[in-house]
Structure formats: structure tokens, C-alpha cells
Protein chains: 2
Amino acid sequence: MRIAELSRRTGVPVPTIKYYLREGLLPPGERTSPNQARYDESHVHRVRLVRALVEVGGLSIAATREVVDVMHADERTPLESIGKVHFAVQRGGSSDSPAVDELIDRRGWRVRPTNPARAALADVLTTVERLGHPDMHGLIDTYADAAETLADAEIAALTEDAGVEDMAESVVVLSVLGTALLSALRGLAQESAAGERFS
Amino acid sequence: MRIAELSRRTGVPVPTIKYYLREGLLPPGERTSPNQARYDESHVHRVRLVRALVEVGGLSIAATREVVDVMHADERTPLESIGKVHFAVQRGGSSDSPAVDELIDRRGWRVRPTNPARAALADVLTTVERLGHPDMHGLIDTYADAAETLADAEIAALTEDAGVEDMAESVVVLSVLGTALLSALRGLAQESAAGERFS
């Protein structure tokens, strides 16, 4: 199909598709003349995925490129893919902290020293401390319980997924859209809980 | 104190503080000469809060301004503050959906039609559907359970908080930093769960 058809199928405007092509988020089509190229179903799927990561997941173009690159690396094990997606998605934190090590120990989690979520967690804890909202510390184990329950369910869902080929994309979808899903559900549940408490 | 001292106290560079002032994220200091102003402890606190929202929470400058404006409106009830923060923080979705209404009904949540998390959730559900990862649908109630548990704990923590003055800021911190906290913990728990499953 031509680019106009690709646009119609995905609902993504032609200039945006050209931008994805320039940024390397979408592999080039098969060139049929100096000014035209032909695209196939794999392009339809990829445009939808990139759109989802950028629009719904809120990823930057750079992070989207890294995530998409993860999916190309066929040799990777699921565990490696998960690690790579986290690197691409997590905002890099500045430093590690004993409080993070202590929490990981207490939960019995096995986490590599290179996991960027360590530094991200250290940043959040330092910030909460500095702002003087100690009430949040009492919530940390509630959050950690939730994170653990979700992670177990997510990893179980991954393994039930059919092909190895799908695995890397499933990791991406679960990590990025899972965050958006949880955020939306929290927004609903918080209003409901606040309504009960305050009105 | 002068702006250099404000910078030293908060660890935020002077040009960044000037940017916050220009963007209305920080109230102006008391002018002492045409080129100088004096700042106080409330500025130290505000700079730290803005820094936290932008750097750790990942909010845009526009969203940060809206969130900070919420905190100025003293007349608001906690419930109104929570609603306003959600409006500022949630990425606006395009449309509502019967699937969202059905889920809210099923959970017994009471959520206003204007809550932007409705449209955000509709976006995520549509995207997951379109990408063809039906395995995620089986996870939705696991996510909703987690969201409900967290919301109850967060709203309970809010009401235990001392002053009414602190309430609006606590809402902001819990909503924005709570998301960052949960995201980091998921990043750790996922690696741990994946390690157990795959290695």
C-alpha cells in the first residue's frame, strides 16, 4: 500500500508517518520510484504501536526509538528484553541509596545493581523526605505490595503469550501501557475513595 | 535571602529559579532595588516542590503551573483539590467508552462524568485492543484491585495529615510522586519476578 493508505488504515496523518520514518521509528517501505514507496501490514502494526507508545504511554521519541530497537533484537531472552525496556522507559535517577537497598532486601526481591528503577526510587524517596511529607513513608509497603502483585500477574501473562516473536512486544505493551492503565484506574479510584471520605 | 542563597539552599541553579519566576511557578520575591529581590522560607519550599514535580514527577511546566495554582486556591475542599490535580496531571483522552462505564459500575466506584481519567482509561483500552494483546484484558481487575487498595490508603493518609493548609500540597505530592514511586517499585518487582520465572 502507499503512504496515504497506511495513513487511512492507522488514522495517523501522513506528515506524522513521514516523521516516524525520518526518526527511525518505522522501517522504510519498499521503494517503487524515486518519490514513492510501498508499505505492508507490518508497517500498519508498527505505526499503531509507535502511536500507542507516544500518545498513550507518553514516551519521548528517543525513548520510543530505544524501545522499538529492543524489539528488533531477536536473540534476546525475555529477561534481557524486560531489562532493556526498563532502561528505555525509566527516567534515569542520579544516585543509589541505602534506603533502596534496605527495601529490596526487606521485600526479598532479586534486582541487579544496574536496574535504573533503583536510582528512580532513590530520587523519589529523597524528594519526599526533602518536601517533609513523612506520611508517605507509611505508604511505601502498601505500594510495594501492589507492585509485587502486579509484577507477578504481568510476568505470568507474558509467559502465557503465544510466540517468542510476540514476547518482546508484549513486554513493551505491558510496561508502557500498564503504567498508563494503572494511572487512569488510580485517578478513578482516588475520586471514589475521596468522595466517600470527604462528602 | 538573595537569589544566590535561594539557589544554594535548594540546589537549583539561579537561571532555573529565574525561569520558574518567569513561568509563574514561583511567586516574586520582595523587591529591594530595581535589580534585586529578597526571598524567604516559603520560596525555598516552593522551589523544592516545583523541582520535585518537574524532575521526579515528570510533569510539564504547564501542568506544574496548573498544579501549583490548585494549591493557591484556599477555599477548595480536599475533594475539589483532588479533582483539580487530576485534571492537571492526567493526559486528556479523546473519548469516553461503554467499557469504562461498565468497569466503574462493576467496581462500585462513584466517579463524576468529568473525571479525565475516564477518557485516559478509554484510550488505553482502545489501544490495547487495537494492538491485539488480549492477554492484558485478563489483568484489568488485578490492576483495578491494586488501584483501589492504593487509593484507600492514600486518602486515609491525607486525612491524618495535620493542617488544612498542608492538604492541597499533600494531594499534589501523593498524586504525582505516588505515580513515580509506584513506577520505580514496579521496575524492581518486575525484574525480580522475571528472574524467578525465566532464569
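A few points about this structure:
- Label points for residue A:62 are taken 7 Å from Cα along Cα→Cβ. From this copy to the others they lie 2.2 nm apart, shortest first.
- A full extension of the chain between residue A:5 and residue A:112 corresponds to an added length of 34.0 nm, given 0.36 nm per residue minus the alpha carbon distance.
- 5 angstrom amide H check on residue B:38, placed H, neighbours 5+ away: B:30, B:31, B:32
- Amide N proximity, segment B:3-41 versus residue A:130 label position 7 Å along Cα-to-Cβ, cut-off under 18 Å: B:3-21, B:25-27, B:40-41
- Teacher prompt: residue A:42 distances to equivalent labels in other copies, 7 Å Cα→Cβ, nm: 6.1
- The mean sequence distance of close C-alpha pairs (under 8 Å, at least 6 residues apart), as a share of the length of segment B:1-67, puts its relative contact order at 33 percent.
- Sorted from shortest to longest, the distances between the residue B:137 label points of this copy and the other copies are 4.6 nm, with each point 7 Å from Cα along the line through the beta carbon.
- In this simple spin-label approximation, residue B:44 and residue B:105 carry label points 7 Å from Cα along the Cα→Cβ vector, and these lie 5.5 nm apart.
- Here the translational diffusion coefficient of segment B:1-56 follows from Stokes-Einstein with Rh set to the Kirkwood radius across Cα pairs; for 25 °C and 0.890 mPa s it amounts to 220 µm²/s.
- Spatially proximal lysines relative to residue B:18 (Cα-Cα < 29 Å; intrachain offsets below 8 disregarded): B:84
- Once the Cβ-Cβ distance of residue A:37 and residue A:196 is raised to the sixth power relative to R0 = 35 Å, the FRET efficiency obtained is 0.05.
- The B-A contact accounts for approximately 7600 Å² of buried accessible area, totalled over both chains at a 1.4 Å probe radius.
- For segment A:19-24, 3J(HN,Hα) computed residue by residue from phi via the Karplus equation (6.51, -1.76, 1.60; θ = phi - 60°) reads 4, 4, 4, 4, 7, x Hz, glycine and proline entered as x.
- Charge sum, other residues only, whose C-beta stays under 13 Å from residue A:15's C-beta, Lys/Arg counted +1 and Asp/Glu -1: +1
- Residue of chain A nearest the A-to-B rotation axis [by Cβ], rounded angstrom distance: A:146, 2
The values are calculated or read from the model by the stated rules, or taken from the named source; none is laboratory data. All values reported here derive from a predicted model rather than from experimental measurement. Positions of Cβ are generated from backbone atoms using ideal geometry, with glycine treated the same way; all protein chains shown enter the neighbour counts. Keep in mind that these areas ignore ligands, DNA and RNA; they rest on the heavy atoms of the full protein, side chains included. Shrake-Rupley method; radii C 1.70, N 1.55, O 1.52, S 1.80 Å.
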